[in-house]
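The values are calculated or read from the model by the stated rules, or taken from the named source; none is laboratory data. Model, not experiment: these values are computed from the prediction. Positions of Cβ are backbone-derived with ideal geometry, glycine not excepted, and every protein chain shown enters the neighbour counts. Side chains are part of the model used for accessible areas, which takes the heavy atoms of the whole protein and leaves out ligands, DNA and RNA. Shrake-Rupley method; radii C 1.70, N 1.55, O 1.52, S 1.80 Å.
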Amino acid sequence: MAKNIRVGIIGGTGLGEAILSHTEGDRVHVETPFGPPSDTPLVAQWEGVEIVFLSRHGPGHLLNPSVVPYRANIWALKQLGVEAIIASGATGSLREDIEPGHLVICDQVIDRTFRRVSTFFDEGLVTHIEFADPFCPSLRALLSEVSKGGANTVHHAGTYVCMEGPQFSTRAESAMHRTWGGDLIGMTCMPEAKLAREAEICYALIALPTDYDCWRPLDPSRGPEDLLPEIMANLHKATENAITLIRQALGRMQGLRRSCKCGHALKLAIWSDKKRIDPAVRKRLEPLIARYFADNS
Ligand SMILES: [Zn+2]
């Protein structure tokens, strides 16, 4: 009865290679109505928990943030029985006290993306899902708890501004994001978190700040050529810290039961008249909605 939660791990830059050096597993091919996921998911045991690792940008980091197949990725994880996702991604810091190399367990998002499909329900069925708290509070609390007492600095909240990219912000945009209350700037959290909620999967994000965004003047004694090695070193450090944090969290997830609302997020979200939904639409979305149609199928 004590069935363990299967945990999806979506890795940003660098995390995938690092995880593969800690564990081995099986690649499992999954078909989705949205084409193939970024990479073939890797199913493995890690810290006594079944994990499914998915590389967000695919092998060789060839998918830019606008073309990552977010829907296929979340669908594939859902198909593989994933109930909780711990995602990570490189970001810029918008705050002096969030230093490169620190970790941030994000609690809010401002979505500035504009050329990505951000829902599974774009045709023939209307849903409006609650998203006031975009990250699972239980998963966030677990990550915060296991991070306490560690050697690394972990911020327990932060607002992630998700921009379209792939170019970085202008200085004016960076200053604006700060006045909006943004703490981090990144390009991949959206629509990943929205789709996870629609798929009723718990989702938490560990942001890995690699540099200060352009709002902060560069040290004049250092040239631009110093910047990239510094960013890569910070990313490496933050990635190692994230791996430690994820391992600690997984160690606490054996036998854990979900106590949050994510698992029935669609319950009150389907606004369409169920009797008028095209059976083909229902069939297509079956893995997400089947249980809400059990009475009138
Ligand atoms: Zn949850």
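Being free of Cβ contacts under 8 Å to residues at least 24 places away in the same chain and of a type in the set (A, V, I, L, M) is the requirement here; does L288 meet it?
So L288 fails the test.
Could you please tell me which pairs satisfy a Cβ distance under 6 Å, a separation of 6+ or placement on different chains, a first residue in segment 134-145 that is free of Cβ contacts under 8 Å to residues at least 40 places away in the same chain and more than 22 Å from T188 (Cα to Cα), and a second residue that is open to solvent by 20 Å² or more (accessible area, probe 1.4 Å) and near the ligand (Cβ under 7 Å from one of its atoms)?
No pair meets every condition.
Which of the residues belonging to segment 114-158 are surrounded by fewer than 18 Cβ atoms within 10 Å (Cβ to Cβ), more than 14 Å from the ligand (Cβ to nearest atom) and aliphatic (A, V, I, L, M)?
Hits for segment 114-158 are V117, V126, A151, A157.
Against the condition open to solvent by 10 Å² or more (accessible area, probe 1.4 Å) and at pLDDT 90 or above, how does T91 come out, does it pass?
Details: open to solvent by 10 Å² or more (accessible area, probe 1.4 Å): no; at pLDDT 90 or above: yes.
In short, no.
For the list (1) free of Cβ contacts under 8 Å to residues at least 12 places away in the same chain; (2) assigned to a helix (DSSP H, G or I), I need the number of the one condition that D122 fails.
The single condition D122 does not satisfy is (2).
Looking at segment 259-269, can you tell me whether even one residue there is in contact with a Gly (Cβ under 8 Å, 6 or more places away or on another chain) and open to solvent by less than 20 Å² (accessible area, probe 1.4 Å)?
No, segment 259-269 has no match at all.
What is the residue count in segment 190-231 for residues that are polar (S, T, N, Q) and either in contact with a His (Cβ under 8 Å, 6 or more places away or on another chain) or not in a strand (DSSP E or B) (or both)?
1
Which of the residues spanning segment 167-189 are in a helix (DSSP H, G or I) and either farther than 30 Å from A76 by Cα or in contact with a Lys or Arg (Cβ under 7 Å, 6 or more places away or on another chain) (or both)?
R171, A172, E173, S174, A175, M176, H177, R178, T179 - these are the residues of segment 167-189 that are in a helix (DSSP H, G or I) and either farther than 30 Å from A76 by Cα or in contact with a Lys or Arg (Cβ under 7 Å, 6 or more places away or on another chain) (or both).
With respect to the numbered conditions (1) open to solvent by 20 Å² or more (accessible area, probe 1.4 Å); (2) away from the ligand (no atom under 16 Å from the Cβ); (3) farther than 24 Å from H236 by Cβ; (4) modelled with pLDDT of 95 or more, which one is the sole condition not fulfilled by P217?
(4)
Just to be sure before I move on: is V109 buried (at least 20 other Cβ atoms within 10 Å of the Cβ) and of a type in the set (A, V, I, L, M, F, W, C) in the structure I sent?
So V109 fits the description; yes.
Any chance segment 159-180 includes a residue that's loosely packed, with under 14 Cβ neighbours inside 10 Å, under 30 Å from Q248 (Cα atoms) and modelled with pLDDT of 95 or more? Let's see the steps before the verdict.
Of the residues in segment 159-180, the ones loosely packed, with under 14 Cβ neighbours inside 10 Å are 166-167, 170-172, 179-180.
Remaining after also requiring under 30 Å from Q248 (Cα atoms): none.
No: zero hits.
Out of curiosity, is T23 open to solvent by less than 70 Å² (accessible area, probe 1.4 Å) and touching a Lys or Arg at 6+ places or on another chain (Cβ under 8 Å)?
Answer is no for this residue.
If I filter segment 242-273 down to residues being in a helix (DSSP H, G or I) and touching a helix residue (DSSP H, G or I) at 6+ places or on another chain (Cβ under 6 Å), which single residue comes out as farthest from the ligand (Cβ to nearest atom)?
Initial filter on segment 242-273 (in a helix (DSSP H, G or I)): 242-251, 262-264.
If we keep only those that are touching a helix residue (DSSP H, G or I) at 6+ places or on another chain (Cβ under 6 Å) too, we end up with 243, 245, 248-249.
On the way: I243: 22, L245: 18, Q248: 18, A249: 13 Å.
Looking at residues that are in a helix (DSSP H, G or I) and touching a helix residue (DSSP H, G or I) at 6+ places or on another chain (Cβ under 6 Å), I get I243.
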